[in-house]
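The values are calculated or read from the model by the stated rules, or taken from the named source; none is laboratory data. Predicted model only: the values in this text are computed from it and were never measured. Cβ coordinates were reconstructed from backbone atoms using ideal geometry, including for glycine residues, and neighbour counts include every protein chain displayed. Only protein heavy atoms, including side chains, enter the accessible area calculation; ligands, DNA and RNA are left aside. Shrake-Rupley method; radii C 1.70, N 1.55, O 1.52, S 1.80 Å.
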Amino acid sequence: MRESWQERFAETPDVLLGARHQRTIVPVLDFAVGGDEFVTMAGPCSVETERQLMATAYHVLGAGARVLRGGAFKPRTSPYSFHGLGLEGLKLLAKAREATGLAVVTEVMSECDVQMVAEYADILQIGSRSMENYTLLEAAARSGRPILLKRGMVATIADYLHSAQVILSNGNPHVILCERGIRTFETAMRNTFDAAGIALLKEVTHLPVIADPSHASGHRDLVPALARIGVAAGADGLIVEVHPDPDKAWSDGEQSLDFAEFDAMMDDLAPWIALREHTWGRRHTAGARALEAVG
Ligand code: PEP
Ligand code: MN
């Protein structure tokens with residue numbers, strides 16, 4: 001007999017969608033991730049200057065984003081690259097939230113920084129390179145803040161679910177999953193976008209799933225197409241890198257959209273998002289009925 005997803009991922013029972021766990025909706029300020037609203041998170045890879053951050057925050061707000069992203073602590077492949085403004089960056093993010101009403105998501109890299117980052121951020125981001133750092137996951141979980149858990153670049157879906165399980169087991173139900181591309185033999189793009197992974201995660205888990213087309217592709221001209229694919233695969237939202245002048249960005253400029261490109265992407269996505277909202281209600285009602293039937 002065919003192995004069910006429940007059997008295949010039996011080691012991580014708390015993340016699985018089933019009679020015991022209906023859809024998780026993560027509340028953030030005055031909205032929610034994983035509900036009927038498609039949530040866009042956007043902003044620079046790194047917080048650089050007040051001018052850069054404020055201009056980006058106002059712009060992405062105007063184009064429909066709900067969450068401002070921006071790294072204050074940056075994990076970088078090279079030890080010689082810019083590693084972020086640290087506390088100063090967190091303060092700028094908080095200032096941008098105050099000015100715009102956008103929620104803030106930012107990465108925390110070390111368990112020693114969890115308390116400080118949680119003071120300034122509405123959502124704590126666990127980066128791809130930290131996905132299996134269970135000490136960090138435990139500390140982040142205990143902060144009580146929602147966690148944006150990015151998939152490790154060499155993590156299988158089972159590995160990924162283990163990490164989500166660690167957060168749930170530490171008393172924090174508010175986990176948002178994020179597919180950001182995985183390493184494969186393909187080298188033309190920075191990573192390989194695992195759209196099927198999004199569909200699978202939506203099928204087997206009750207957690208919200210968002211797509212990161214920026215890190216998945218590494219090229220700004222591919223970002224709108226991957227965003228569209230993410231919506232079609234069933235993602236609940238997006239996290240996208242946007243910069244006022246991408247060629248001068250201190251990190252990830254080659255994959256960052258400028259303001260006009262971000263506007264165009266959001267316009268192009270509108271009909272796809274409307275389609276998602278149309279089917280969302282139906283899928284969720286059908287899902288709820290199926291769950292009732294299994295008890
Ligand atoms: C980022 O969001 O800028 C980042 C470093 O992402 P990832 O952890 O997915 O590489
Ligand atoms: Mn980045």
If I go through segment 176-200 residue by residue, how many of them are farther than 19 Å from Phe38 by Cα and of a type in the set (Asp, Glu)? 2
Quick one: Gly62 ticks every box in (1) of a type outside the set (Ser, Thr, Tyr); (2) within 12 Å of ligand 1 (Cβ to nearest atom); (3) without any contact (Cβ under 8 Å) to a residue 40 or more places away in the chain bar one, so which box is it? (2)
Ala63 meets each of (1) within 16 Å of ligand 2 (Cβ to nearest atom); (2) open to solvent by less than 50 Å² (accessible area, probe 1.4 Å); (3) not basic (Lys, Arg) with one exception, condition (1)
When you go through (1) within 13 Å of ligand 2 (Cβ to nearest atom); (2) more than 19 Å from Gln52 (Cβ to Cβ); (3) free of Cβ contacts under 8 Å to residues at least 60 places away in the same chain one by one for Arg190, which number turns out not to apply? (3)
Apart from one, (1) in contact with an Asp or Glu (Cβ under 9 Å, 6 or more places away or on another chain); (2) among the aliphatic types (A, V, I, L, M); (3) more than 14 Å from ligand 2 (Cβ to nearest atom) all hold for Val240; the odd one out is (3)
Within the set of pairs 6 or more residues apart or between chains, which connect a residue that is within 10 Å of ligand 2 (Cβ to nearest atom) inside segment 70-81 to a residue that is at pLDDT below 95 and open to solvent by 70 Å² or more (accessible area, probe 1.4 Å) with Cβ atoms less than 7 Å apart? Lys74/His83; Arg76/His83
Could you tell me whether Thr49 is of a type in the set (Ser, Thr, Tyr), open to solvent by less than 60 Å² (accessible area, probe 1.4 Å), more than 16 Å from ligand 2 (Cβ to nearest atom) and farther than 26 Å from Asp245 by Cβ? no
Name the residue that is most open to solvent (accessible area, probe 1.4 Å), counting only residues in segment 260-274 that are farther than 20 Å from Thr56 by Cα and without any contact (Cβ under 8 Å) to a residue 12 or more places away in the chain. Pro271
Ser130 within 19 Å of the chain's Cα centre (by Cα) and within 11 Å of ligand 1 (Cβ to nearest atom): yes
Please indicate, with yes or no, whether at least one residue in segment 71-89 is open to solvent by 20 Å² or more (accessible area, probe 1.4 Å), modelled with pLDDT of 95 or more and part of a strand (DSSP E or B). no
Hits in segment 235-256 - residues which are away from ligand 1 (no atom under 14 Å from the Cβ) and open to solvent by 10 Å² or more (accessible area, probe 1.4 Å): Pro244, Asp245, Asp247, Lys248
Anything in segment 243-265 that is among the small types (Gly, Ala, Ser), assigned to a helix (DSSP H, G or I) and either more than 10 Å from ligand 2 (Cβ to nearest atom) or under 18 Å from the mean Cα position of the chain (by Cα) (or both)? List them, or say none. Ala260, Ala264
